[in-house]
Amino acid sequence: MKHHILVTGGTGYIGSHTAVELIEEGFRVTIIDDLSNSEIGVLEGIEAITGVRPEFEKMNICDQEKLFSMLREKQDFDAIIHFAAHKSVPESVQQPLKYYRNNLTSLMNLLAGMEKHRIPCIVFSSSCTVYGQPDVLPVTEKSPIQPAASPYGNTKRIAEEIISDSVVASSFIKGISLRYFNPIGAHQSALIGELPLGVPDNLVPYITQTGIGIRPLLRVFGNDYNTPDGTPIRDYLHVVDLARAHVMAIDRLLNDRQKKRYEVFNLGIGKGVSVLEMIQSFERVSGQKLNHEIHDRRPGDIEKIWADTSYANTELGWRAERSIDDAVLSAWNWEQYYRKHISGRS
Ligand code: WQD
């Protein structure tokens, strides 16, 4: 009997890549998504890759009534992977209530639905943003949680606490939060990737849009940081490696391998890479120069962060297998495929 996984936000960037890995591992997948920041056409991409079109319900999970009636009707979910959330850091600063209302109400509705319909497992999409600017690097899961630099980051921190408290109060719910570092890249088929809706906040989509000529140049936000080349350092992780970690987390929950009923894992490659090094990676894999200029620092940016992934390596049995160049090349291939075959798709 196939385990049935509910993937919220499953037409989004990480969600769609995770749906592919789940289907290829033999899970049955139902995606719910309100399509506010993704496109229904992503289902075509998932089907083209796996041969399976995931079941799909368009839904805003802040609508508890609608969520509960779907859970009542389906009745057989073994686990939920919760991606659905607003995720723009700058937008969260402008519109905090939109972020608190959406990101926390949706989670609380899901947890209430799990309790009511006896769905035992949840994997939550969290973020390294909960660490702020760590004092000590690399960051472990025991590193102190710092006051959030944005309402977006605060919703991730609060969400983890809501899940942890709900697990304690429940007689059967158990959970895992996955703290992503910087997800980048796309599936090697180039049939799915990070949908560029609007002007990208994130570095890699901005690099590939500059590379393809949509943006005149990449602004490098500051080169006066205390880092080897002066530009900020991050732990960039291939999205397919990240997706595979979700499959391993689900497997750990369904097979009762947890040491505690609520666990947290850092997911990164365990190495820091600077913005200039990312530009060099793009130039290496694309064979073309990237037009870029040094600008002032971006408010809210931290200087450097990268993960200690030993806990996920030993406990989840997960390790990032793809290199930075693999990830940047996959992002570049996706950008070219998207512009040629998808953008402008209804
Ligand atoms: C990376 C580096 C920028 C764009 C954010 C969220 C995090 C997660 C990932 C959702 C920084 C520099 C960027 C540009 C640049 N989001 N940069 N020029 O800020 O580390 O993390 O996205 O889950 O929660 O906080 O990622 O890609 O925006 O920036 O120089 O045009 O690239 O200054 O140093 P970030 P990013």
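Pull out all pairs, ordered by first then second residue, where Cβ-Cβ is under 9 Å, the residues are six or more apart or on different chains, the first lies in the range 270-298 and is closer than 29 Å to SER310 by Cα and in a strand (DSSP E or B), and the second is open to solvent by less than 40 Å² (accessible area, probe 1.4 Å) and of a type in the set (A, V, I, L, M).
VAL273/ILE233; VAL273/ILE324; SER274/ILE233
Assuming PRO205 fulfils every condition listed in (1) within 22 Å of ARG284 (Cα to Cα); (2) part of a loop (DSSP other than H, G, I, E, B) apart from one, which condition is it?
(2)
How many residues does the range 314-346 hold that are open to solvent by 30 Å² or more (accessible area, probe 1.4 Å), part of a helix (DSSP H, G or I) and not hydrophobic (A, V, I, L, M, F, W, C)?
Summing the residues that are open to solvent by 30 Å² or more (accessible area, probe 1.4 Å), part of a helix (DSSP H, G or I) and not hydrophobic (A, V, I, L, M, F, W, C) in the range 314-346 gives 10.
Across the range 275-307, what is the total count of residues that are open to solvent by 40 Å² or more (accessible area, probe 1.4 Å), touching a Gly at 6+ places or on another chain (Cβ under 8 Å) and more than 16 Å from the ligand (Cβ to nearest atom)?
1
Are any of the residues in the range 78-88 over 17 Å from the mean Cα position of the chain (by Cα) and either open to solvent by less than 40 Å² (accessible area, probe 1.4 Å) or under 19 Å from ARG252 (Cα atoms) (or both)? Full working, then the answer.
Within the range 78-88, the first condition is being over 17 Å from the mean Cα position of the chain (by Cα), and the residues that meet it are 78-79.
Going one step further and asking which of them are either open to solvent by less than 40 Å² (accessible area, probe 1.4 Å) or under 19 Å from ARG252 (Cα atoms) (or both), we end up with 78-79.
Yes - at least one qualifying residue is present in the range 78-88.
Test of understanding: among ALA159, ALA112, which residue is more than 28 Å from ASN202 (Cβ to Cβ), modelled with pLDDT of 95 or more and assigned to a helix (DSSP H, G or I)? Working first, answer last.
Numbers: ALA159 fails: more than 28 Å from ASN202 (Cβ to Cβ).
ALA112 is the lone residue from the list that is more than 28 Å from ASN202 (Cβ to Cβ), modelled with pLDDT of 95 or more and assigned to a helix (DSSP H, G or I).
Being hydrophobic (A, V, I, L, M, F, W, C) and open to solvent by 10 Å² or more (accessible area, probe 1.4 Å) is the requirement here; does LEU178 meet it? Walk me through how you get there before you give the answer.
Working: hydrophobic (A, V, I, L, M, F, W, C): yes; open to solvent by 10 Å² or more (accessible area, probe 1.4 Å): no.
When the stated conditions are applied, LEU178 does not pass them.
Going residue by residue through the range 156-170, is there one that turns out to be open to solvent by 20 Å² or more (accessible area, probe 1.4 Å), within 16 Å of the ligand (Cβ to nearest atom) and either of a type in the set (S, T, N, Q) or over 23 Å from GLY15 (Cβ atoms) (or both)? First the steps, then the outcome.
Going through the range 156-170, the residues open to solvent by 20 Å² or more (accessible area, probe 1.4 Å) turn out to be 157-158, 161-162, 164-166, 168-169.
Among the residues that remain, those that are also within 16 Å of the ligand (Cβ to nearest atom) are: 157-158.
The next check asks that each one be either of a type in the set (S, T, N, Q) or over 23 Å from GLY15 (Cβ atoms) (or both); those that pass are none.
No, because not a single residue in the range 156-170 is open to solvent by 20 Å² or more (accessible area, probe 1.4 Å), within 16 Å of the ligand (Cβ to nearest atom) and either of a type in the set (S, T, N, Q) or over 23 Å from GLY15 (Cβ atoms) (or both).
Being more than 16 Å from the ligand (Cβ to nearest atom), of a type in the set (Val, Ile, Thr) and farther than 23 Å from PHE282 by Cβ is the filter here; which residues of the range 212-269 pass it?
VAL247, ILE250
Could you tell me which residue of the range 284-339 is farthest from PHE265 (Cα to Cα), considering only residues that are within 17 Å of the chain's Cα centre (by Cα) and polar (S, T, N, Q)?
Out of the qualifying residues, it is SER330.
Working carefully through the options VAL199, VAL136, find the one that is open to solvent by 10 Å² or more (accessible area, probe 1.4 Å), assigned to a loop (DSSP other than H, G, I, E, B) and near the ligand (Cβ under 10 Å from one of its atoms). Working first, answer last.
Values: VAL136 fails: near the ligand (Cβ under 10 Å from one of its atoms).
Every option except VAL199 fails the conditions.
Test of understanding: among VAL239, VAL285, VAL247, which residue is over 18 Å from ASN313 (Cα atoms) and not small (Gly, Ala, Ser)? Reasoning before the result, please.
Details: VAL239 fails: over 18 Å from ASN313 (Cα atoms); VAL247 fails: over 18 Å from ASN313 (Cα atoms).
Within the list VAL239, VAL285, VAL247, the selection yields VAL285.
Checking the structure you have, find out if any residue of the range 177-185 is more than 15 Å from the ligand (Cβ to nearest atom) and in a loop (DSSP other than H, G, I, E, B). Lay out the reasoning, then the answer.
Let us first name the residues in the range 177-185 that are more than 15 Å from the ligand (Cβ to nearest atom), namely none.
No, there is no match, as no residue in the range 177-185 is more than 15 Å from the ligand (Cβ to nearest atom) and in a loop (DSSP other than H, G, I, E, B).
Failed condition for GLN94, given (1) out of contact with any His (no Cβ under 8 Å at 6 or more places or on another chain); (2) touching a residue at least 12 places away in the same chain (Cβ under 8 Å); (3) surrounded by fewer than 19 Cβ atoms within 10 Å (Cβ to Cβ), with all others met?
Condition not satisfied by GLN94: (2).
The values are calculated or read from the model by the stated rules, or taken from the named source; none is laboratory data. It should be emphasised that the depicted structure is a prediction, and the values quoted were computed from it without experimental measurement. Because the Cβ atoms are built from the backbone with ideal geometry, glycine has one as well, and the counts that use them run over all protein chains shown. Remember, those area values only see protein heavy atoms, side chains included, never the ligands or the DNA or RNA. Shrake-Rupley method; radii C 1.70, N 1.55, O 1.52, S 1.80 Å.
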